[in-house]
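These notes are about the structure you will find just below.
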Amino acid sequence: MSKLGNSANEINEFDIAIIGGGSAGITLAAKLRNCSAVVVEPYTPAERDCSWALWANSHQVKKFASATKGSWKQWRLIDHQTEVRHCSDQYRYTSLSSAQYMSECEGKLAAGVDLVRAPAEDLVAAGNGGTFTAAGKYYKATQLYDSRPPKMANNSLRQHFLGWEIRTKNPIHDSDIATLMDFRVDQSRGLHFIYALPFSDHRLLIESTMISNHVEDKDWYRQAISDWLREQSIEIEEKLSEEIGVIPMHTIVPLDNGIASIGAASGAVRLSSGYAFTGIQAQITQLAKRISVGQYTVPTPISPILIRMDKVFNRVLMAQPELAVSLMMRTAKALDANGFARFMLGSATIMDWAKVIIAMPKVPFLKQIFQ
């Protein structure tokens, strides 16, 4: 059990320490039982609230219901020529409140699992564990897990976005459909699309999202959002919040190679799409089961084969960015709703892959495969 003391010189010893209480870190902490553990996170859930998305099956729809902001069985992708609309009987595209989810996890921490609202400092790895300080106290753990965001290499491919949650003056048209990608926006700086989720007929999350190797000035995204809203004849009654984010779409580097990484830092982000929540959930669930029987190795979140295929896809995007919109639309057209969800989740069947491969232009991919 933990040994919490008031002396700055006293070492508080734990079986497990989790550095970072985001999606991976707080999920793992909430699943731990029959051990002493501490999760160290400087920010409250409310201070880093944002929207997390997944294609939820029926079990997940129920599991995450209390943190769900919106859920849609229909979604679409649009370019200047066509619209691809999917309607699924197995999955719902679901947006979660990260603040609500993390708050619920914090409330589920078992006895002996502590939360320290402070950054971890003076971190020194030793074997599988290590020592650090937080809030003026010293900590030592037999096993360390690091869930802090990974480093991003300069000039590397990334998905970056700025979004607003707004209340609209008038009812939103097609409020039962999630717009995953609307490419009818400026494509001169990289693959650019508008992402729009109607949480109700008067409440909308709208993001200007780019896939490129250069993050734009915030006002550039804001202008893209304003232009799209004007073109859709959507007027803002009230701007409720703004969120920004950058997601790596390349092989990442953990902040500390001497500590076992979990979540995004371990490669749980799908390189071709930026989706991570489902992969993190699967990884952490498996890790918690391992810990319960005395095994502490971190499961690989995404298969090596899928990583290789995603890297080829991303190399095509970087080598021939003019193909980007076409590649996305071809993928959506090739698959039905359930197949598209599986593909984005990283659980596509052989038939799903065959349909996508047939739909792709062959020469650009062959060039990158044999490069």
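The values are calculated or read from the model by the stated rules, or taken from the named source; none is laboratory data. From a predicted model like this one, the values you see are computed outputs, not experimental measurements. For neighbour counting, all protein chains shown are included, and Cβ atoms are generated from backbone atoms with ideal geometry for every residue, glycine included. We work out accessible area using only protein heavy atoms, side chains counted, and drop any ligands, DNA or RNA first. Shrake-Rupley method; radii C 1.70, N 1.55, O 1.52, S 1.80 Å.
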Revision key, fill the gap. Out of (1) surrounded by fewer than 19 Cβ atoms within 10 Å (Cβ to Cβ); (2) within 21 Å of Phe340 (Cβ to Cβ), the one Ile78 does not meet is (1)
Check your understanding: Among the residues of the range 285-295, is any in contact with a helix residue (DSSP H, G or I) (Cβ under 7 Å, 6 or more places away or on another chain), part of a helix (DSSP H, G or I) and among the charged types (D, E, K, R)?
Key -> no
Revision key, fill the gap. Every listed condition ((1) modelled with pLDDT under 95; (2) more than 30 Å from Gln320 (Cβ to Cβ); (3) open to solvent by 10 Å² or more (accessible area, probe 1.4 Å)) holds for Gly263 save (3)
Practice item. Could you tell me which numbered condition Ala268 fails, if it satisfies all but one of (1) more than 23 Å from Val185 (Cα to Cα); (2) in contact with a helix residue (DSSP H, G or I) (Cβ under 7 Å, 6 or more places away or on another chain); (3) surrounded by fewer than 22 Cβ atoms within 10 Å (Cβ to Cβ); (4) of a type outside the set (Phe, Trp, Tyr)? Key: (3)
**Study point:** Answer residue from the range 81-118, given it is in a loop (DSSP other than H, G, I, E, B) and under 21 Å from Leu32 (Cβ atoms) and is most open to solvent (accessible area, probe 1.4 Å) among those
**Key:** Lys108
**Study point:** Tally of residues being within 19 Å of the chain's Cα centre (by Cα) and free of Cβ contacts under 8 Å to residues at least 40 places away in the same chain across the range 67-85
**Key:** 3
Check your understanding: Residue check, Arg148 against (1) within 30 Å of Leu32 (Cα to Cα); (2) assigned to a strand (DSSP E or B); (3) of a type in the set (D, E, K, R), all met but one. Which one?
Key -> (2)
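Considering Ser233, Ser226, which residue is free of Cβ contacts under 8 Å to residues at least 12 places away in the same chain and open to solvent by 70 Å² or more (accessible area, probe 1.4 Å)? Write out each step before concluding.
Working: Ser226 fails: open to solvent by 70 Å² or more (accessible area, probe 1.4 Å).
Residue meeting the stated conditions: Ser233.
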Review point. Restricted to the range 135-156, and to residues that are of a type in the set (A, V, I, L, M) and surrounded by fewer than 20 Cβ atoms within 10 Å (Cβ to Cβ), which residue is modelled with the highest pLDDT?
Key: Ala135
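Might you check whether a residue that is among the polar types (S, T, N, Q), assigned to a loop (DSSP other than H, G, I, E, B) and free of Cβ contacts under 8 Å to residues at least 24 places away in the same chain occurs anywhere in the range 156-176? Spell out the reasoning first.
Here is the first cut: in the range 156-176, the ones among the polar types (S, T, N, Q) are 156, 159, 168, 170, 175.
Remaining after also requiring assigned to a loop (DSSP other than H, G, I, E, B): 156, 170, 175.
Add one more test, that the residue is free of Cβ contacts under 8 Å to residues at least 24 places away in the same chain, and what stays is none.
No, the conditions are met nowhere in the range 156-176.
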